[in-house]
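The values are calculated or read from the model by the stated rules, or taken from the named source; none is laboratory data. Everything quoted here is computed from the prediction, not taken from an experiment. Cβ placement follows ideal geometry from the backbone for every residue including glycine, while neighbour counts extend to all protein chains displayed. Protein only, heavy atoms only, side chains kept; ligands, DNA and RNA dropped before computing areas. Shrake-Rupley method; radii C 1.70, N 1.55, O 1.52, S 1.80 Å.
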Amino acid sequence: MNTALLTKYPVSGPRYTSYPTALEFGELDPASLIQGWTSSDKQALSLYLHIPFCHSLCYYCGCNKQVTRQRQKSETYLQYLLLEIKQRAALFSGKPVTQIHFGGGTPTYLDDDQLSRLMAALRLAFEVAAKAEISIEIDPRQTELPRLGHLAALGFNRLSIGVQDFDSKVQQAVNRVQDEEHIFQLVKQGRALGFSSISLDLIYGLPHQSVESFRPTMEKVLALRPDRLSLFNYAHLPEKFAAQRRIKESDLPTVNERRAIFTMAATLLVDGGYLCIGMDHFALADDELAKAQREGKLHRNFQGYTTQQEADLLGLGVSAISQIGHVLAQNHKEIKDYYGAVEAGGSATDKGYALDQDDKIRGVVIKELICHFHLHFGQIEKRFGLEFNAYFADDLRRLAEMEKDGLVRIDKDSIEVTDAGRPWIRAICMQFDRYMTAKLNRSFSRII
Ligand SMILES: C[S@@+](CC[C@H](N)C(=O)[O-])C[C@H]1O[C@@H](n2cnc3c(N)ncnc32)[C@H](O)[C@@H]1O
Ligand code: SF4
């Protein structure tokens with residue numbers, strides 16, 4: 001890592017799971033989402049369901065969650081979610097549902113019976129395709145082996161398991177101590193039950209992590225051989241997430257240590273047969289994400305990298321985000337506001353954004369760069385009927401400085417992000433973000 005660049009370019013920035021990012025969301029006329037739906041050219045629908053509850057608090061966590069031992073809360077929540085599903089399905093019907101993802105919080109906070117009722121309601125309300133990808137995030141500390149059998153029987157065919165780090169000192173520092181053997185058993189059982197994809201979440205940049213401490217974690221991960229792996233850069237925003245204040249800044253690895261940890265982990269993965277997908281994902285070569293990247297069809301949405309390029313996304317539950325046609329919309333983030341909105345019978349949307357033509361163009365440019373590290377101007381010119389060098393003259397001028405620093409190569413009809421530039425991909429995308437100047441003063445997670 002060239003440390004001089006750390007003072008030259010922004011070291012914090014958006015993760016570009018959408019463009020514009022959620023920070024630009026404002027008041028949205030509820031009719032806009034319907035308009036997005038009727039004018040959308042997408043052929044399928046993807047559903048995201050947010051289950052916000054967790055059994056205990058992981059200090060690093062930046063997700064929208066509520067830690068509670070009062071199980072009744074989840075039953076109340078389920079009742080509102082079922083109502084929202086009914087209300088939304090009446091409006092967003094007619095396209096096959098090709099993907100359903102349960103995220104959180106911890107979706108497995110719901111018990112077997114609650115998950116059965118939820119899946120039954122989804123199947124009744126929407127036209128779920130026979131081959132739909134149905135995935136769920138599970139917390140291994142709270143998932144006994146028999147639960148996987150129930151999930152498989154409900155039609156779940158993908159599992160995502162939160163591991164973060166196998167090192168016990170790191171686990172204690174973040175208040176997430178978990179049994180390693182149990183994770184191995186879960187993966188084995190998941191395979192035996194025929195789950196077609198098993199994914200693990202890891203985080204680098206956590207307290208007490210070093211190249212030496214993280215290597216054994218990576219070796220165990222390689223032994224488990226998940227189909228996919230997320231290697232998240234720890235987003236430390238203690239001013240935003242109170243629990244992160246329990247993590248001592250002095251225990252965090254430095255920027256250079258972080259990069260060294262990532263490089264070690266990525267090298268082991270690539271040597272072990274994984275392909276690097278975008279910023280923070282890895283997949284075995286025969287996995288669909290890897291195939292989509294090879295074919296130039298990788299897409300990015302609020303859940304990260306995905307193959308679902310041809311689907312609109314409907315978010316259900318507190319804080320869930322939808323992207324339907326040209327409209328982005330987020331549900332209320334506070335549970336009581338969400339309940340109030342669902343009860344009132346209208347939409348649970350709190351805010352959102354309707355993209356204009358310039359947003360659409362820039363959104364595609366940013367998506368191409370962050371998914372493929374490469375951009376052909378001809379692709380944008382053909383799709384939007386513009387002359388790239390003229391339309392993006394200012395952006396390309398800004399990017400020229402990054403070219404001098406070896407982060408990108410620009411020629412007359414393409415941009416290529418170099419190996420040295422990959423860690424800077426978010427900063428590179430920011431050059432095409434017209435809201436960037438305003439954003440530079442806001443708080444973002446570290447890029448590197
Ligand atoms: C909703 S959790 C996964 C499901 C379940 N709650 C669990 O923890 O096992 C989503 C993932 O986000 C990642 N994550 C959470 N907070 C993060 C942060 N501050 N920085 C980077 N990654 C984070 C973790 O890897 C976590 O597994
Ligand atoms: S990482 Fe998962 S279990 Fe831990 S607090 Fe966040 S959402 Fe809950």
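When A285, A290 are checked against the criterion of being free of Cβ contacts under 8 Å to residues at least 40 places away in the same chain and surrounded by 18 or more Cβ atoms within 10 Å (Cβ to Cβ), a single residue qualifies: A290. List the pairs whose first member sits in region 243-266 and is open to solvent by 30 Å² or more (accessible area, probe 1.4 Å) and outside any loop (DSSP other than H, G, I, E, B), whose second member is more than 16 Å from ligand 2 (Cβ to nearest atom) and modelled with pLDDT of 95 or more, and whose Cβ atoms are under 7 Å apart, counting only residues at least 6 apart or on separate chains? From residues that are open to solvent by 30 Å² or more (accessible area, probe 1.4 Å) and outside any loop (DSSP other than H, G, I, E, B), the pairs are D251/H208; E257/S210; A260/V211.
For A120, the stated conditions do not hold, so it cannot be described as away from ligand 2 (no atom under 16 Å from the Cβ), assigned by TED's automatic domain parsing to the domain that holds L45, in contact (Cβ under 8 Å) with a residue 60 or more places away in the chain and within 19 Å of L314 (Cβ to Cβ).
Residue count for region 94-113 under the criterion of being in a loop (DSSP other than H, G, I, E, B) and either within 18 Å of the chain's Cα centre (by Cα) or not small (G, A, S) (or both): the result is 6. Whenever a residue of region 211-238 is in the same structural domain as T306 (by TED's automatic domain parsing), its partners that are within 16 Å of ligand 2 (Cβ to nearest atom) and assigned to a helix (DSSP H, G or I), lying with C-beta atoms within less than 8 angstrom and at least six residues away or across chains, give the pairs S213/V170; L224/I183; H236/Q244; L237/Q244; P238/Q244; P238/R245.
Looking across region 167-205, just one residue is over 30 Å from E249 (Cβ atoms), open to solvent by less than 30 Å² (accessible area, probe 1.4 Å) and without any contact (Cβ under 8 Å) to a residue 40 or more places away in the chain, and that is V187.
Please specify each residue of region 141-151 satisfying the condition of being part of a helix (DSSP H, G or I) and more than 10 Å from ligand 2 (Cβ to nearest atom). Those that are part of a helix (DSSP H, G or I) and more than 10 Å from ligand 2 (Cβ to nearest atom): L145, P146, R147, L148, G149, H150, L151. Scanning region 31-55 for residues that are more than 16 Å from ligand 2 (Cβ to nearest atom) and surrounded by fewer than 19 Cβ atoms within 10 Å (Cβ to Cβ) returns A31, I34, Q35, T38, S39, S40, D41, K42, Q43, A44.
Of everything in region 211-242 that is among the aliphatic types (A, V, I, L, M) and touching a Leu at 6+ places or on another chain (Cβ under 8 Å), the residue that is surrounded by the fewest Cβ atoms within 10 Å (Cβ to Cβ) is L222. Among the candidates R383, R409, the residue that is without any contact (Cβ under 8 Å) to a residue 60 or more places away in the chain and either more than 30 Å from D29 (Cα to Cα) or not charged (D, E, K, R) (or both) is uniquely R409.
When the residues of region 56-93 are filtered to those that are open to solvent by less than 70 Å² (accessible area, probe 1.4 Å), free of Cβ contacts under 8 Å to residues at least 60 places away in the same chain and assigned to a loop (DSSP other than H, G, I, E, B), the one that is farthest from A44 (Cα to Cα) is T68.
Set side by side, the residues F166, F232, F214 differ, and just one is of a type in the set (F, W, Y) and away from ligand 2 (no atom under 16 Å from the Cβ), which is F214.
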